[in-house]
Amino acid sequence: MTRKQSWTADHIQDQTGRVFVVTGATSGLGLATTRALARRGGRVILAVRDEAKGHEVAEGLAASGVGPDLLDVRRLDLADLDSVRAFAAGMREEHRHLDVLVNNAGVMAPPRNLSAQGHELQFATNHLGHFALTGLLLDLLAAGRDPRVVTVSSINHRQGSLRFEDLGGERDYAPMAFYNQSKFANAVFGQELHRRLTASASPVRAVLAHPGYTATSLQTRDTRGLTRLFFGRIGNPLIAQSPERGALSQLYAATDPTVVGGEFIGPDGPAELRGAPTRVRLSDAAADAGTGRRLWEVSEGLTGVSFPVTAS
């Protein structure tokens, strides 16, 4: 692996003139990503479920010295495909191009719940919403400068699999198992997107990233019982790194000129839990082309979104 021990947000090159869409930009990794990009001159569209909170965050960033003209708050509920379509339509009205989409937002291990369209909430939010969003924005990205789609997965993708016969958990739902499934889906999607973009000779690069073990509200907002106890009382305070450190992997994937499509960027420390961004290994299961094709077909069917790319 190529180590990037010294790489920090200070190494981000000038991003003036580039337009970024960051999902889940009001807290945690999304907020850290937004702050770092805007400080380097990038214009960031904060794609957030709670617009009021989004404006509060933007005001706070402006008060800290980030140019307010670089921050644009737009509503996006990834668990509602109608909201995804409305967001994408707004982007098309306001922008001739986008440069980078950071598929960052997510939910983790809640009790079983359904999205607006009736899909299991974690699969809907973490994967289907981002799948649809990427497809609906892909032509705007293709018109961008050094365009990229950065999809944030997890080290947990290595524990996940796709339960194609029970994606919604009607038969047997376990919160963490379905979180792992959604993160596995992110990894499979990112790799299959890379294959299809390459086959289509698209200028867009698809890159995967994961933050290692990072302390965010994700681990405590939706979780219950022993899972919340572990993360809230033990894991986050003792082991986890800060959101600013955790966001380095996706910032590197989004901005570093040496990044190649299809790469997976994660921390370089033991077990990839923390550290500086480096190229890490995608699990063999997530890299399987047959799984990628099947997930793609299922996702197109569930979202109604088709991509302007050639099948791998």
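Rule-based calculations on the coordinates, nothing more; no lab input. Nothing here was measured: the structure is a model prediction, and the numbers come from that model.
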Here the percent of antiparallel bridges among DSSP beta bridges lying wholly in the chain, to the nearest 5, is 15
For the range 169-221, how big is the tail of P(r) above 19 Å, as a whole percent of Cα pairs? 48
Using the Karplus equation 6.51 cos²θ - 1.76 cosθ + 1.60 (θ = phi - 60°), what ³J(HN,Hα) coupling, rounded to whole Hz, does each residue of the range 284-290 give in order, writing x for Gly and Pro? 4, 5, 6, 7, 5, 5, x
Honestly the range 95-165 on the Cα gyration tensor test (a ≥ b ≥ c root eigenvalues; a/c under 1.5 rounded, otherwise a/b vs b/c for prolate or oblate) is just prolate
Sorted by chain and then number, the residues having a modelled amide H within less than 5 Å of the amide H of LEU71, at least 5 places away or on another chain, are VAL44
Contour minus Cα-Cα distance for HIS97 and ALA174 (0.36 nm per residue): 23.7 nm
Net lengthening on full extension, ALA62/GLN13 (0.36 nm per residue, minus Cα-Cα): 15.6 nm
Length added when fully stretched, ALA271-THR258, from 0.36 nm per residue minus Cα-Cα: 2.3 nm
What per residue convex hull volume, in Å³, comes out for the range 10-303 when only alpha-carbon positions are used? 122
Normalised contact order of the chain, rounded percent, pairs of Cα under 8 Å and 6 or more residues apart: 20
